[in-house]
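In what follows, a structure is listed as structure tokens, so that the remarks can point back to it.
The values are calculated or read from the model by the stated rules, or taken from the named source; none is laboratory data. Predicted model only: the values in this text are computed from it and were never measured. A quick note on method: Cβ atoms are made from the backbone with ideal geometry, for glycine too, and the neighbour counts reach across all protein chains shown.
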Amino acid sequence: MQAQRWGRGIAITSLAVRQPIPNLILSNTARTGATGFLKTLAREVAKDGVTVNSLQPGLHATERIAQLLGGALDTQATDVPAGVVG
């Protein structure tokens, strides 16, 4: 990408980068480290016409999230601007 002077890199991480999710210590740590790497990479390759972005989606109604929250997904909707969990 640098040699071509153009490119796009996109990574999907998690809202856990901004606010750690209880009981997910390894995931919280890994995603925060990945985000730090992406921010550093973005600054290093921007001058070469390459952009690097990190998407941080919010909560979504999955079995794993329901398990972690004890099935209390509805209570999490109050922290979501749209008022619903994805």
| request: For the stretch 11-23, name all the residues that are exposed (fewer than 15 other Cβ atoms within 10 Å of the Cβ) and assigned to a loop (DSSP other than H, G, I, E, B). | output: 18, 19, 22, 23
| Looking at 53, 23, which one is of a type outside the set (Lys, Arg) and at positive phi? | 23
| Among the residues listed as 8, 31, the single one being at pLDDT 90 or above, surrounded by 11 or more Cβ atoms within 10 Å (Cβ to Cβ) and out of contact with any His (no Cβ under 6 Å at 6 or more places or on another chain) | 31
